Amino acid sequence: MTVSIQKILLADRLPTLPQVALRVIELAQQCEPDLDALILAIKADPSICSRMLVTVNSAMFGLKQRVSSIEVAVPILGVNLVRTLVLGLSLSGCRAGAAQLRQARRLWRCSVTQAVCAELLAAKVASADPAVWFLAGLLLDIGRLALLCGESSSYAQLVDRCDDLEDLIRAEEQEFGCTHAIVSRELCRKWALDDLVTEAVAHHHDVVDHSEPTNGPVMADLMDAMRLSSRIADYLERLRRGMDADFQPICEELCQIWGHDPASAVAMLVDIDERVAEVATMFGLDVGEAVSIDGLSIDGLVQQAESALLELAVQGQIEAAVAARRAEAAEQELGRAKEESQELMKQVSFDPLTGALTRRGLLEALADRIDECQRRGRCLGVVFMDLDRFKSINDTFGHKLGDELLTRFVRVIQSSIREEDEVFRYGGDEFVVTFSTTNEAILARMAERIRRYVEKLRLNSHPDLAFTSSMGLVIVTPADFHAVAAARVLEEADNAMYIAKKAGGNQVAMFRLSGGAMLPYDAANILASVVAGDEPESN
């Protein structure tokens, strides 16, 4: 029997969104979202408000001062993360029939895992918004939940008959005339989500052909991430259920497409476990026992008890209650909160360990610097760098020394640049430096000076240890600013750093934007003029 997709989409127990969530989606997708209107929309649902405050006050944000109002929480979370939380909180109230609870719980467990995988993969792409990728991962299998709710008896039996995902997709087409991915797509369209998320959700099971043209690198990266997130979630679920599971294809994809080596690919699964635990806490879940992956014990990895998974509904369905508030009182409260939010935003703008700026505002700051250099006719330099063999140092001497090294590394960088230049911690031991001047040769000399300063760095606790850094420098002159964007410059600097690292490390790979192309920068004479006696400060 073939069931029409229209019937599925009209099922009584289909995942639905309250008016508050629909309004948040509408506001979040505007070119310039109105934060005041967004705050007023969220405040119409006390349950969502309370979960927002719990989230922003959690350890994930590490704020020193507790946030007590939604007016402060929304600017800190950001528009896309607010949309993701509202959608997740709204959809988590969807329940299947009593006979299908086991399958519904399994689906939600996989959905959370997919969302966490997608968020981690977003960190590998400079132009990616982790909140958008997290949302796409969360919605990948919403079509399966819709089929389970709308056609609960037949779909539950169909799932039990299938041995793997390929069998399930074939069975769905035969039984319902469409796959769960198509149902997911139609739900995203029904909720007016943006095309980027909708198309990634619709095609996350398609065969990958990287030779075919796509809708751009952002879409291609997101679709690759969705496919891999689905496979990782399925792999972990099979481990949990004691079934055969092959990690090799996943490891190969992580290495070939996402820049991992086999050891870091396994380490990523450990990271997934930690993030799943954080998300589980945010949604009021209790993480279960550990899963063994290739001999490694990973605490809490999707080993959640079935009774705890039922609580993914955030301890009950979201009540669509509209709390009317007087507009005048809301505006007064918003005015008071804006001053408080400015101070709190300063806290989240700086890395607590090193004192460097955080990645949160990097692209925006870089775009502002590009505009400034273009107006003033100055040359821009962007350096992407990391410490050579930092992981080995951490593993050998411990995280305490690693933290001390990162702190000193930033101090050395800051001592090598000027007060108006900026240092950002991109992640782990990766940092980005932006500076500008009227002479591009000065940019090359400054980058080389940082490298030399790092080479001379010593720690009092281990004076016999020497450290080096791999650096990628991109120089943009006034003639080429018209053809450059912040994300492009950052990506090219990252690529240059890996060129320096592959060449043996402890060097600067320099490139210059010329006519839209990145060309190697001949800096031999410039670097030879660096003053040999220019020493860094001692520890």
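The values are calculated or read from the model by the stated rules, or taken from the named source; none is laboratory data. None of these values were measured; they are calculated from a predicted model. Here Cβ is always computed from backbone atoms with ideal geometry, including for glycine, and neighbour counts include all displayed protein chains. For the accessible areas, the whole protein counts, side chains as well, though only heavy atoms, and no ligand, DNA or RNA atoms are used. Shrake-Rupley method; radii C 1.70, N 1.55, O 1.52, S 1.80 Å.
A few notes on this one:
- Qualifying residues in segment 178-208 (those that are among the polar types (S, T, N, Q) and within 22 Å of Glu166 (Cβ to Cβ)) - the one least open to solvent (accessible area, probe 1.4 Å): Ser184
- If you go through segment 453-469 and keep only what is more than 30 Å from Ala122 (Cα to Cα) and surrounded by fewer than 20 Cβ atoms within 10 Å (Cβ to Cβ), you end up with Glu455, Lys456, Arg458, Leu459, Asn460, Ser461, His462, Pro463, Asp464, Leu465, Ala466.
- Only listed residue being open to solvent by less than 10 Å² (accessible area, probe 1.4 Å), at pLDDT below 75 and not β-branched (Val, Ile, Thr), chosen from Leu148, Leu121: Leu148
- Any hit, segment 411-424, residues being at pLDDT 90 or above, under 20 Å from Val125 (Cα atoms) and open to solvent by less than 40 Å² (accessible area, probe 1.4 Å): yes
- Residue check for Leu63: in a helix (DSSP H, G or I), under 26 Å from Val116 (Cα atoms), open to solvent by 20 Å² or more (accessible area, probe 1.4 Å) and modelled with pLDDT under 80: no
- Verdict on Glu440 being in contact with a strand residue (DSSP E or B) (Cβ under 7 Å, 6 or more places away or on another chain), under 30 Å from His482 (Cα atoms) and acidic (Asp, Glu): yes
- Total residues in segment 178-195, condition of a type in the set (A, V, I, L, M) and part of a helix (DSSP H, G or I): 4
- Elements of the type helices (runs of 4 or more DSSP H) sitting completely within segment 112-172 and holding at least 1 residues that are within 14 Å of the chain's Cα centre (by Cα): these cover 130-139.
- Among residues of segment 371-405, those that are under 21 Å from Leu457 (Cα atoms), outside any helix (DSSP H, G or I) and of a type in the set (Val, Ile, Thr), counted: 1
Residues checked against (1) open to solvent by 30 Å² or more (accessible area, probe 1.4 Å); (2) in contact with a strand residue (DSSP E or B) (Cβ under 8 Å, 6 or more places away or on another chain); (3) assigned to a helix (DSSP H, G or I); (4) over 24 Å from Ala192 (Cβ atoms):
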position: Leu27; (1), (2), (3), (4): no, no, yes, no
position: Cys31; (1), (2), (3), (4): yes, no, no, no
position: Ala41; (1), (2), (3), (4): no, no, yes, no
position: Ala44; (1), (2), (3), (4): no, no, no, no
position: Ile48; (1), (2), (3), (4): no, no, yes, no
position: Leu53; (1), (2), (3), (4): yes, no, yes, yes
position: Ser68; (1), (2), (3), (4): yes, no, no, yes
position: Glu71; (1), (2), (3), (4): no, no, yes, yes
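- Sub-9 Å Cβ pairs linking a first residue in segment 385-411 that is more than 22 Å from Gln507 (Cβ to Cβ) to a second residue that is among the hydroxyl-bearing types (Ser, Thr, Tyr), at least 6 apart or interchain, are Phe397/Ser461; Lys400/Ser461; Leu401/Ser461; Asp403/Thr354; Glu404/Ser461; Thr407/Thr354, ordered by first then second residue.
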